[in-house]
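Q: Right, I'll just put the structure down here and ask away after.
The values are calculated or read from the model by the stated rules, or taken from the named source; none is laboratory data. Here the structure is a predicted model, which is why all the values come from computation and not from measurement. Here the Cβ is made from the backbone with ideal geometry for all residues, glycine too, and neighbour counts use every protein chain on show.
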Amino acid sequence: MNQQQEDSNTGLEKLEGLASLVRIIRARKPLVHHITNMVVMNDTANVTLAIGALPVMAHAREEVEEMVSLASALVLNIGTLVPEQIEAMLLAGRQANERQIPIVLDPVGAGATRLRTESALRLLRELHITALRGNASEIGALLGVEGETRGVESISLSEERESVAQRAARQFGCCVTITGARDVISDGRRLAYVENGHPLLASITGSGCMATTLVAAFLAVEPDAWKASIAALVTLGLAGELAAQKAAGPGTFRSHLIDAIAALDEETIRRGQKVSVIA
Amino acid sequence: MNQQQEDSNTGLEKLEGLASLVRIIRARKPLVHHITNMVVMNDTANVTLAIGALPVMAHAREEVEEMVSLASALVLNIGTLVPEQIEAMLLAGRQANERQIPIVLDPVGAGATRLRTESALRLLRELHITALRGNASEIGALLGVEGETRGVESISLSEERESVAQRAARQFGCCVTITGARDVISDGRRLAYVENGHPLLASITGSGCMATTLVAAFLAVEPDAWKASIAALVTLGLAGELAAQKAAGPGTFRSHLIDAIAALDEETIRRGQKVSVIA
Amino acid sequence: MNQQQEDSNTGLEKLEGLASLVRIIRARKPLVHHITNMVVMNDTANVTLAIGALPVMAHAREEVEEMVSLASALVLNIGTLVPEQIEAMLLAGRQANERQIPIVLDPVGAGATRLRTESALRLLRELHITALRGNASEIGALLGVEGETRGVESISLSEERESVAQRAARQFGCCVTITGARDVISDGRRLAYVENGHPLLASITGSGCMATTLVAAFLAVEPDAWKASIAALVTLGLAGELAAQKAAGPGTFRSHLIDAIAALDEETIRRGQKVSVIA
């Protein structure tokens, strides 16, 4: 299951053109509207720029509908949630749905508090979410799977992550990515693994949120949410691998990670991607 | 129009002493009160420290009047605006006006949403703003000039930037800086270009906000807003040039940029400044 | 008073095991709940991860009681205070007190505005705070000692810092740390100095907040707040010394500081700590 595209016989032909998506983002410079948490705003804005898209952070209820109308993708991230923000997310999300602008939801800390679990479920119920990205216990919590979250960190889960991803994809009608040492991406029908990455990604805050932002950037140019999610995770993981070669710890890693995302090209992605497609 | 101070015959004698302003900031350590957006708070605080001033971020309506009274300059930046913040800006701004503390306004995203355009115009109407700093489409939007903003990024403008800057300066009664590959600074009477800078400045989030913060730091020691704005843009542009020599991409550039601002001295500024004065 | 542990005869035996606390944090990975300011959220989350603990930032009144119940320490930092946040801090704090979860208070800018001074005093009155960390004028302001704060920076104080720390510790019934070139730590009975550190720590925003976060991480595994506070200040100061060797200014220093915290081990701490215990 861990084969490079070149020699894989497990459906990678379906992923043709994955590497070229970065070029398309850079050519189109799509606007990605974020309603996101205060911890990672700066980092995710810089990741958006590094991949070649344009970020805008706007969360006032008075302007989110207007702002999202200008965007090619919307990020909803509940990492430092307050109730007013949920309202803003619903307003922006409904407008995005009406205009068929893809939405990525990051249910940060779902399972840790009722506010987070219920808010994420409400967004999934009232909006058409295109892609969902979380760690195992966050996605598990949305399905009621028992697991252990410590704050916003996933500790363990009582069900296989593949099964959780597939069930969540079917239940919520969207593409689901569970990130971890091996990322699992399912749209309910297709399942893929991405094994790019480096332990240093887990040593900095917001690498999950960066993954979510990248999913949005790829969704802005690729309508197949499964492909867009795979491309995003390959991008982050591969950039993490390259950054780790230059880093002396999490502080310098964070700077090199942004450099590496900005420097990624089709050839590097084509050669470095570790994707396996199941079924 | 692109001449260094040494051989310019276009009014640069008016800018004598520009390079010494950095030394004065470092000697006086003026407090710069920011009511600003959540994306760039950390970066602009670090830029304020790097130039030698002291930052304070405070936006509660209950304290902004008291806080600004301690400050030597006030930054109003509408990058992640909510209505409560406008009220705080008006309270702080009125107090600043009463005490003749200079105010810099950064109309982030004006033109993208009504909330932003109208809020920026309200601040310009109800307060005496000393300096305004934005990109071409933001400043254009405040004058009703047709242009294209994508989120908070300026795409194009239907009128010459020099003319927009001059008209805005006259209409709003303040010094106007339009930043871009070539910065245009006009107080309605005088016009200057700053050609320091590097493309990497556009690759990180918040470089415009950093420019605004630097305008405030220079205004805290230089009452001529036109000179202060020029000095700020030279500082950021020159630091960008120096940082780019060490950077391997936008992530490392951001760290080196702060280093370069902190390391700038009079001699480097005097030699490196690319300022042209028109009329 | 400035002796290394090896040859000190001033009570350092009381600090036995200080260096091993880092190992304990890394083994237990305690969750540290922050209700903190928007300027430093990202930095303090990264510092928490670097020392080996897990950060969670949550400030909605609807979830803070639930979140803090999962945590091993709580940080209350008033750096960008709004009244709603005080309510959230009181809710979380009462829950923490009930569950005997230690609380660290950072009274950022106390003395600068009434909102800050009074809010900090209210938290100290209504909650049982375990440790208080501020600069000299902030702690002084809470006691009514005359001093000069410029925004959030301490300028001068009319009373000796040792005396202020001891009086504050007795009055507020908690361990008090006054940070500066030489840190003073008193629990009202015992007094220690930490002389680790580097001037570059004062050149970046949020190094005080990082100290506070580290106090919380150590408190999560060490019930003696005086020992925990000393360990935290040694950690930050020593990491600052090591980072300074690699840094070319405040921007690169900030990255190397996170690297250095993540790389600290018992041996380095044991050799590098500059602690003196008085009485």
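Q: Can you find a residue that is surrounded by fewer than 24 Cβ atoms within 10 Å (Cβ to Cβ), farther than 17 Å from C:ILE78 by Cα, out of contact with any helix residue (DSSP H, G or I) (no Cβ under 9 Å at 6 or more places or on another chain) and modelled with pLDDT under 95 anywhere in region C:172-186?
A: no
Q: Looking at the structure I just gave you, is A:LEU70 more than 10 Å from chain B (Cβ to nearest Cβ), under 26 Å from A:ALA262 (Cβ atoms) and modelled with pLDDT of 95 or more?
A: Numbers: more than 10 Å from chain B (Cβ to nearest Cβ): no; under 26 Å from A:ALA262 (Cβ atoms): yes; modelled with pLDDT of 95 or more: yes.
Against the criterion (more than 10 Å from chain B (Cβ to nearest Cβ), under 26 Å from A:ALA262 (Cβ atoms) and modelled with pLDDT of 95 or more), A:LEU70 does not qualify.
Q: For region C:14-42, which positions are more than 9 Å from chain A (Cβ to nearest Cβ), buried (at least 24 other Cβ atoms within 10 Å of the Cβ) and either farther than 18 Å from C:SER72 by Cα or basic (Lys, Arg) (or both)?
A: Correct list: C:ASN37, C:VAL39, C:VAL40.
Q: How many residues does region B:23-46 hold that are out of contact with any Gly (no Cβ under 6 Å at 6 or more places or on another chain), of a type in the set (S, T, N, Q) and not in a helix (DSSP H, G or I)?
A: Summing the residues that are out of contact with any Gly (no Cβ under 6 Å at 6 or more places or on another chain), of a type in the set (S, T, N, Q) and not in a helix (DSSP H, G or I) in region B:23-46 gives 1.
Q: Just a yes or no: is a residue in region C:9-22 hydrophobic (A, V, I, L, M, F, W, C), touching a helix residue (DSSP H, G or I) at 6+ places or on another chain (Cβ under 7 Å) and modelled with pLDDT of 95 or more? Explain how you work it out, then say what you get.
A: Taking region C:9-22 as the starting set, the residues that turn out to be hydrophobic (A, V, I, L, M, F, W, C) are C:12, C:15, C:18-19, C:21-22.
This time we only want the ones that are touching a helix residue (DSSP H, G or I) at 6+ places or on another chain (Cβ under 7 Å), so: C:12, C:15, C:18-19, C:21-22.
This time we only want the ones that are modelled with pLDDT of 95 or more, so: C:21-22.
Looking through region C:9-22, at least one residue is hydrophobic (A, V, I, L, M, F, W, C), touching a helix residue (DSSP H, G or I) at 6+ places or on another chain (Cβ under 7 Å) and modelled with pLDDT of 95 or more.
Q: Does region C:218-228 contain at least one residue that is touching a Phe, Trp or Tyr at 6+ places or on another chain (Cβ under 9 Å), of a type outside the set (Val, Ile, Thr) and within 14 Å of chain B (Cβ to nearest Cβ)?
A: no
Q: Only residues that are of a type outside the set (A, V, I, L, M) and more than 14 Å from chain B (Cβ to nearest Cβ): list them for region C:104-137, please. It would help to see each step written out before you state the result.
A: Narrowing region C:104-137 to residues of a type outside the set (A, V, I, L, M): C:106-107, C:109, C:111, C:113-114, C:116-119, C:122, C:125-126, C:128, C:130, C:133-135, C:137.
Those that are of a type outside the set (A, V, I, L, M) and more than 14 Å from chain B (Cβ to nearest Cβ): C:ASP106, C:ARG125, C:GLU126, C:HIS128, C:THR130, C:ARG133, C:GLY134.
Q: Filter region B:230-279 for residues that are more than 14 Å from chain C (Cβ to nearest Cβ) and surrounded by fewer than 23 Cβ atoms within 10 Å (Cβ to Cβ) and give the result. Outline the logic, then answer.
A: First, the residues of region B:230-279 that are more than 14 Å from chain C (Cβ to nearest Cβ): B:230-235, B:237-238, B:241, B:266-267, B:269-279.
Answer for region B:230-279, where residues must be more than 14 Å from chain C (Cβ to nearest Cβ) and surrounded by fewer than 23 Cβ atoms within 10 Å (Cβ to Cβ): B:GLU241, B:GLU266, B:GLU267, B:ILE269, B:ARG270, B:ARG271, B:GLY272, B:LYS274, B:SER276, B:VAL277, B:ILE278, B:ALA279.
Q: Give just the number: which of (1) surrounded by 24 or more Cβ atoms within 10 Å (Cβ to Cβ); (2) touching a residue at least 12 places away in the same chain (Cβ under 8 Å) does B:THR113 not satisfy?
A: (2)
Q: Need the failing condition index for C:VAL152 against (1) hydrophobic (A, V, I, L, M, F, W, C); (2) crowded, with 24+ Cβ neighbours inside 10 Å; (3) at pLDDT 90 or above, just the number.
A: (3)
Q: Taking region A:75-95 as the region of interest, how many residues are assigned to a helix (DSSP H, G or I) and of a type in the set (Ser, Thr, Tyr)? Break it down into steps so the answer makes sense when it comes.
A: To start, the set of residues in region A:75-95 that are assigned to a helix (DSSP H, G or I) comprises A:83-95.
This time we only want the ones that are of a type in the set (Ser, Thr, Tyr), so: none.
Residues that pass the stated criteria total 0.
Q: Across region C:73-103, what is the total count of residues that are on the phi > 0 side of the Ramachandran plot and at the interface with chain A (Cβ under 9 Å from one of its Cβ atoms)?
A: Of the residues in region C:73-103, the ones on the phi > 0 side of the Ramachandran plot are C:100.
Restricting the remaining residues to those that are at the interface with chain A (Cβ under 9 Å from one of its Cβ atoms) gives none.
The total comes to 0.
Q: Between a first residue in region B:32-45 that is within 14 Å of A:ASN46 (Cβ to Cβ) and a second residue that is charged (D, E, K, R) and part of a helix (DSSP H, G or I), which pairs have beta carbons less than 9 Å apart while being 6 or more apart in sequence or on different chains?
A: B:ASN42/C:ASP43; B:ASP43/B:ARG254
Q: In region B:51-61, which residue that is out of contact with any Lys or Arg (no Cβ under 8 Å at 6 or more places or on another chain) and in a loop (DSSP other than H, G, I, E, B) is surrounded by the fewest Cβ atoms within 10 Å (Cβ to Cβ)?
A: Residue satisfying both the conditions and the ranking: B:ARG61.
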